[in-house]
Number of protein chains: 2
Amino acid sequence: MQKIETKSNLSPQSQSTLTAILVIGGAEDKVHGREILHTFFARSGGIDAKIAIIPSASREPVLIGDRYLRIFEEMGAKYVKVLDVRDRDQGNDSNFLEFVEECTGVFMTGGDQLRLCGLLADTPLMDRIIQRVRAKEITLAGTSAGAAVMGYQMIAGGSSGESPNRALVDMAMGLGIIPEVLVDQHFYNRNRLARLLSAISGHPNLLGVGIDEDTCAMFDSDGIIQVMGKGTVTIIDAHHITHTNHSQVHGNESLNIHNLRLHVLCHGDRYDLQHKKPLA
Amino acid sequence: MQKIETKSNLSPQSQSTLTAILVIGGAEDKVHGREILHTFFARSGGIDAKIAIIPSASREPVLIGDRYLRIFEEMGAKYVKVLDVRDRDQGNDSNFLEFVEECTGVFMTGGDQLRLCGLLADTPLMDRIIQRVRAKEITLAGTSAGAAVMGYQMIAGGSSGESPNRALVDMAMGLGIIPEVLVDQHFYNRNRLARLLSAISGHPNLLGVGIDEDTCAMFDSDGIIQVMGKGTVTIIDAHHITHTNHSQVHGNESLNIHNLRLHVLCHGDRYDLQHKKPLA
């Protein structure tokens, strides 16, 4: 007993209170089991959590902010605040900055990822959030547009129903929270594999991560992605590709890519980011 | 000069007259360059070709049979015949069997792959066609439904817009012309990657081959797939997978598959079937 307590003192955070980054594919369960949202709540500290909600991707920030606020309050969070940033000046708001300094979890809602980045990229508010996420002091979650912004490179928009081609996907700068990934969401639900392949052909150094609705790729602080939820997380690993014609084609000319690794992961699966392989 | 002629006598078929199996993703160009159809015509012997058209997948066999007949006649083929098989008894028709005995090319149109297999699988007519294809005596082409039937296993139908799951795809027996492949067509055009992944998770010994519209995977007699046309051919190679939950899940529960190889090939690309890799 003594021994266990000593060990516990050395490593004060148990698995369920370790910080993480939850990248959610949109349309996560908000009514029934709420598994993904509850995991965010737990990883943010549970009833002791101090949660900031950023609804800035949405054109209806009050509505969506309030919805998540109620959910986390229902779970038992005592401190939840909506940081309703609607212009870039508010990215320097002292009340918001003060709250971020003390909070244990930040949740970014869905909407439009270009709007979210336009309002928050390189503001003191977002810079401080990213700093505290990197220091493993807070848990961060983003759903849909809030998921799209995780990488340095971001899919801003695109289409489906075509062979992979450069015109199928619009790229922009993301928030760079997990620099090495390129996220797509509502993945199989909106048939986005062709657009993620098109994007990855131009950025083969990035790891493509396609996340279905009501599904979460949880980037744990130990470098492991844990998958939870109803759908799948698709990993497109281009690190071993031997050829792509990306630099030779234009517009909607078909792309080729040789020797990709592809993993379709589902609930309970784990993926080792460093070694780029699923764990048995 | 003499030397070249001698060599030519030893190997009487030049590249353009070697037989092949053309697996076409549907909606191939029938009006302008007609590259794919012209390649079938050339590989069947050009103006000396004797071409059989099998329109049995279609509910409008006269219309579609006639359309291809005109196309190949316009190209210069002197002998083109529509084998309008509408019941299984006709799979033993002596006139049809006689034509197949002499023909140099067989073209299977689009329509419904279940209808095509239901009418022709295990008939003397189809058995003889397959025998002559295997003996490299005739060139075979199939587009859309005519492409779907190439493997022993066949995708009979399915859906899109969902995470890979067993209910997403309906499997049936194909004609077994290229036993080791599992073909899907109208591939990115109809967002079929999730259904092909779902099918392959249950048949990891097969090579998934997804072919876009106006695109052809030409299986050459030397074991090389040549890609031609506008779109892409996607190869899903499950031979190195380390895990799938296919046997543990049911209905629309999400599938996982770890360690697939994926190749997106386009016009001019070649793929070595035996060694399972694209050629540089």
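Determine whether A:R59 is touching a Leu at 6+ places or on another chain (Cβ under 7 Å), of a type in the set (D, E, K, R) and farther than 30 Å from A:P204 by Cα.
So A:R59 fails the test.
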Counting only residues that are of a type in the set (D, E) and exposed (fewer than 15 other Cβ atoms within 10 Å of the Cβ), how many does the stretch B:237-274 have? 1
When B:L206 is evaluated against the numbered criteria (1) farther than 22 Å from A:S163 by Cβ; (2) buried (at least 19 other Cβ atoms within 10 Å of the Cβ); (3) within 9 Å of chain A (Cβ to nearest Cβ), which criterion, by number, is the only one it fails? (3)
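Would you confirm whether or not the stretch B:225-236 contains a residue that is of a type in the set (G, A, S), surrounded by 20 or more Cβ atoms within 10 Å (Cβ to Cβ) and out of contact with any Asp or Glu (no Cβ under 8 Å at 6 or more places or on another chain)?
No; the residues of the stretch B:225-236 include none that is of a type in the set (G, A, S), surrounded by 20 or more Cβ atoms within 10 Å (Cβ to Cβ) and out of contact with any Asp or Glu (no Cβ under 8 Å at 6 or more places or on another chain).
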Helices (runs of 4 or more DSSP H) lying entirely in the stretch B:1-105 (those with 1 or more residues that are at pLDDT 95 or above, buried (at least 18 other Cβ atoms within 10 Å of the Cβ) and among the polar types (S, T, N, Q)): B:35-43
Considering each residue of the stretch B:157-181, count those that are within 14 Å of chain A (Cβ to nearest Cβ), surrounded by fewer than 21 Cβ atoms within 10 Å (Cβ to Cβ) and of a type in the set (D, E), and give that number. 0
So, in the stretch A:187-203, of the ones that are among the aliphatic types (A, V, I, L, M) and surrounded by 24 or more Cβ atoms within 10 Å (Cβ to Cβ), which residue ends up farthest from A:S160 (Cα to Cα)? A:I200
Elements of type strands (runs of 3 or more DSSP E) in the stretch A:215-280, at least 3 residues being in contact (Cβ under 8 Å) with a residue 24 or more places away in the chain and at the interface with another protein chain (Cβ under 8 Å from one of its Cβ atoms): A:257-266
Just checking, does the stretch A:204-226 include any residue being of a type in the set (S, T, N, Q) and closer than 26 Å to B:V227 by Cα? no
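Residues checked against (1) farther than 29 Å from B:R190 by Cα; (2) within 18 Å of the chain's Cα centre (by Cα); (3) hydrophobic (A, V, I, L, M, F, W, C):
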position: B:K30; (1), (2), (3): no, yes, no
position: B:S44; (1), (2), (3): yes, yes, no
position: B:Y68; (1), (2), (3): no, yes, no
position: B:M75; (1), (2), (3): yes, no, yes
position: B:D87; (1), (2), (3): yes, no, no
position: B:L97; (1), (2), (3): yes, no, yes
position: B:G111; (1), (2), (3): no, yes, no
position: B:L119; (1), (2), (3): no, yes, yes
Matching residues, the stretch B:209-224, being surrounded by 21 or more Cβ atoms within 10 Å (Cβ to Cβ), hydrophobic (A, V, I, L, M, F, W, C) and touching a Leu at 6+ places or on another chain (Cβ under 9 Å): B:V209, B:C216, B:A217, B:M218, B:F219
Identify, by number, the condition in (1) modelled with pLDDT of 95 or more; (2) out of contact with any Lys or Arg (no Cβ under 8 Å at 6 or more places or on another chain) that B:K276 doesn't meet. (2)
Here are the criteria: (1) within 19 Å of A:V23 (Cα to Cα); (2) buried (at least 24 other Cβ atoms within 10 Å of the Cβ); (3) within 10 Å of chain B (Cβ to nearest Cβ). Tell me which single one A:D184 does not satisfy. (3)
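The values are calculated or read from the model by the stated rules, or taken from the named source; none is laboratory data. Not measured: the values here are computed from a predicted model. In this analysis, Cβ positions are derived from the backbone assuming ideal geometry, glycine residues included, and neighbour counts consider all displayed protein chains.
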